[in-house]
Every structure is written in C-alpha cells, then in structure tokens.
Amino acid sequence: MNVDYDEDTYALMAHARRLLEARGAVGAARRVLEGEGETHAAALWREVGEQGWCGVAIDAAHGGLGMGSVALCGLAEELGRSLVPLPFASSIYGFGQALTLVGNEAQRLRLLPEIASGARIGALAFTEGPGAPFAGLLAARVEGGLLSGVKLPVTDGMIADAAIVLAAGEQGPGLFIADLDHRGVSRQMLSTLDPTRPAARIDFADVPVEPLGEVGKGYEIAATVLARYAVPLAFEAIGGADACLHMAADYVKKRFAFGRPVGGYQAVKHKLADIYVKNEMARSNAYYAAWAADHDAASFDTAAASARIAASETFWFAAKEAIQLHGGIGFTWEMDCHLFYRRARHLMVAAGAPDWWRERLAARLRQEAA
C-alpha cells in the first residue's frame, strides 16, 4: 500500500494549483457570496472541463482520463484549498461516480462523456429535509415511470442539468435519473451559510425518469454512492484546512505586538501545532480511504466513514482557529477567514452529518468484530 500520491497525481495537483491561483478562485468565491450575479464560476468551469479535470476518475472508454480515485482525491484537495465555486463535488464526486458504480453501459455511454467534459452538470437529490440522509419515509414517488415529490436541499440543484433522485418506486426504494430541464421540474434557491455551494428545493411533477441500479435496493445503493462521494469531499476539507493553517501562520508572522511577531508567543505556536496535527491525522485516514476505493472493497466503507469524520472536524477546527489567530480582524468581512468557515460548515453536512457517519462507522466495527 502506497500512502502518498504518485508522480502523475502530484503533477496534476501542481498544475491545478497554478491555474486556480492565476484565475483568483478565492476571489470568485467572494464574488458569488457578495451577490454579483454569479452562482458559480461558469468560465472557469468551462476551462477545467477543457483541461480534462472532470474526467480524471472516468475511464477512457467513457470520455475520461482513467487516472483513478486517488488522482481525483488529489485534485479535490487543490479545489478545497482554493475554495473554488464550481459544481465539481455534485457533478463528479456524486453524479459521475454513481453512474460509474451502478449505471448500465447504455447510461454510461450516454451520460459519462458529457460529465467528463463538463458539458453536463449532475447532482444528487437524496434528502427531503434536514436530518440524516435517509431520515423518515420517502415522500417522493415514482409511478408508471413518472416522478413526483420534493427534494431539498439539493447542492448545486439550481445549475444542474440532471439529478440522481432517491425515491419510492413501485418495487421499493430506488435511484432514478431525472432531467432537470423537463417542464415538470421547478426549482427554488435556498438560503444557506455557504452560497458558493448553492442549494435548491426541487419540485417534481410527473417527470419521466429511468432507474439507476436495481430498484428496491435504493437505500443500499445510495449509501454506497455516499461513501464514494464522501472520500473526495474529505480531501476537499483537508485542502481547506491546510489553507487555513498557512493563512494563519503567514498572518502571525507579520502581526506585531509588544515589539515582536505574535507568532513567537507560545500560545499561538500551540494553536498552529494543534491545527497541523489534526490535519495530518485526517490526511492519514483520507489516504487510506482513497487507496481502499480502488484496492480493498472489504474495508472501504469503514475507511470512508473514518475519513469523512476526521476531515470534516479537522476543517471546522482549522477554520475557527484561523479566525481566532487573526484576532479582531479575523471576524471582518474583508478577510477570507469567514469564507473558509462557511465552506467547512457546508462540507460537514454535504454528504450526511458527522454523527450519521459515526453511527455507520460504529455499526461497521461491530459487524467486523462479530
């Protein structure tokens, strides 16, 4: 087992960092937040599609680069570091990986090339309100091949072209592919803490859908999809946490108090050290999950849950400590600290809250111990 990226992945990450810095990705996130008419960086999305980023983990037969899960996670780390306002997580980690995992060959041939090029944006529509991903009975239903019901919140639901919907079918719960441009679909923007990852309420009224995977096993398939979705999200969180650490370290070297940089004081050093230790612990968990995705299916669910929990809490810790280390100015709108804090809170709930993942991890460990 290799616990580091290979040379190709490092080269991809270095290229991604240079491009995102050159395009001012954090500035793009701020423009979305300040309501300058953007819901995402559309021009940058077209550019990353042309660069092939969207197809990193999609095989060549379906229009991708075929570099595998680890390369996708390396790219996710750079996207998280830059806070880029793109629908990458929804479309690539979620929709694209779900199609790869359980789609039939006709669905893959029709949809994956457009996902790999960025021409089509996908989303996951599993939840029907706050709480655990599968809380309560499913109100959304598919009868006679037509979907009716409500899904919320759907991350990137305002800009997605298609969604994979968890709904009650005639043979039990299942996943279904829905065209969001159909006249029976209506969308409403929801107010969230992080508008750079816009959420929507989507209403379906007799929308034609096609099943994805085996109908009747919707909950099991959705849980598998979420585990795949959670691993690159963990790397996004680690990238964001690293950015918080470097941002805070740079600031305390320049901020003087009593004639010396505040970074020279022991209490400040301890805070930075705590962020660093948590970041590296989360990275270890995430590396193992990324490796297991392609090489050890038996341990993948446990590894994914561990990575999800560790990375979510690490990013939140790093973001709030970065605000504290900036002192009074850290709370102001002009500083970037709050942008990272917003993204940290979003990533904690994007694929199920940490408490839900703790329950999954505990159940897996009990099962393995039995």
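Quick look at the numbers
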read-out	value
Per residue accessible area of the chain, 1.4 Å probe, in Å²	42
Residue-wise HN-Hα coupling along the stretch 315-331, computed from phi with Karplus coefficients 6.51, -1.76, 1.60 (Hz; x: Gly, Pro)	5, 4, 4, 5, 5, 6, 5, 4, 4, 4, 5, 7, x, x, 5, x, 8
Fraction of accessible area attributable to carbon and sulfur, the stretch 75-231 (%, probe 1.4 Å)	54
Efficiency of FRET from Cβ geometry, Glu47 and Asp296, R₀ 41 Å, rounded to 0.05	0.70
Integer Hz, Karplus 6.51/-1.76/1.60 couplings in order for the stretch 160-175, x for Gly and Pro	6, 8, 8, 9, 9, 10, 8, 8, 7, x, 5, 10, x, x, x, 9
FRET efficiency estimate (nearest 0.05) - Cβ-Cβ, Ala257 to Val277, R0 25 angstrom	0.50
Leu190-Arg141 pseudo-label distance in nm [points 7 Å out on the Cα-to-Cβ vector]	2.3
Where GluC sites (Glu not before Pro) in DSSP loops with at most 15 other Cβ within 10 Å are excluded, longest remaining stretch of the chain	37-213
Mean residue ellipticity (222 nm) of the chain, computed from DSSP H runs ≥ 4 via -39,500 (n - 2.57), nearest 500	-17500 deg cm²/dmol
Size of charge dipole - the chain - debye, nearest 20, with Cβ of Lys, Arg +1 and Asp, Glu -1, no other charges	1260
Candidates Ala241, Ala71, Ala205: whichever shows maximal mean-square fluctuation once the chain is modelled as a Gaussian network with Cα springs under 10 Å	Ala205
Reciprocal mean inverse distance between Cα atoms of the stretch 274-313 - Kirkwood radius, Å	10.0
R0 of 41 Å, Cβ-Cβ distance Glu21-Gln171: FRET efficiency to nearest 0.05	0.25
Accessible surface of His62 - all protein chains present, 1.4 Å probe, nearest 10 Å²	10
Cα centroid separation, the stretch 195-261 to the stretch 67-96 (Å)	9
The chain: radius of gyration over Cα atoms, expressed as a fraction of 2.2 N^0.38 Å	0.98
Kirkwood hydrodynamic radius over Cα pairs of the stretch 1-87, then Stokes diffusion coefficient at 25 °C and 0.890 mPa s, in µm²/s	180
Amide H contacts of Gly64 (H built 1.01 Å from N, under 5 Å, at least 5 apart or other chain)	Asp59
Euclidean distance between Cα centres, the stretch 158-176 to the stretch 282-343, Å	29
Mean-position separation - Cα centroids, the stretch 104-143 and the stretch 15-45, in angstrom	25
Within the chain, longest stretch free of exposed chymotrypsin sites (Phe, Trp or Tyr not before Pro) [DSSP loop, at most 12 other beta carbons within 10 Å]	1-257
Where labels lie 7 Å past Cα in the beta-carbon direction, separation of Ile329 and Arg366 in nm	5.1
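The values are calculated or read from the model by the stated rules, or taken from the named source; none is laboratory data. What you see is a predicted model, and the numbers here were worked out from it, not measured in a lab. With ideal geometry, Cβ positions are generated from the backbone for all residues, glycine too; neighbour counts draw on all protein chains shown. In case anyone asks, the SASA skips ligands and DNA or RNA and just uses the protein heavy atoms, side chains included. Shrake-Rupley method; radii C 1.70, N 1.55, O 1.52, S 1.80 Å.
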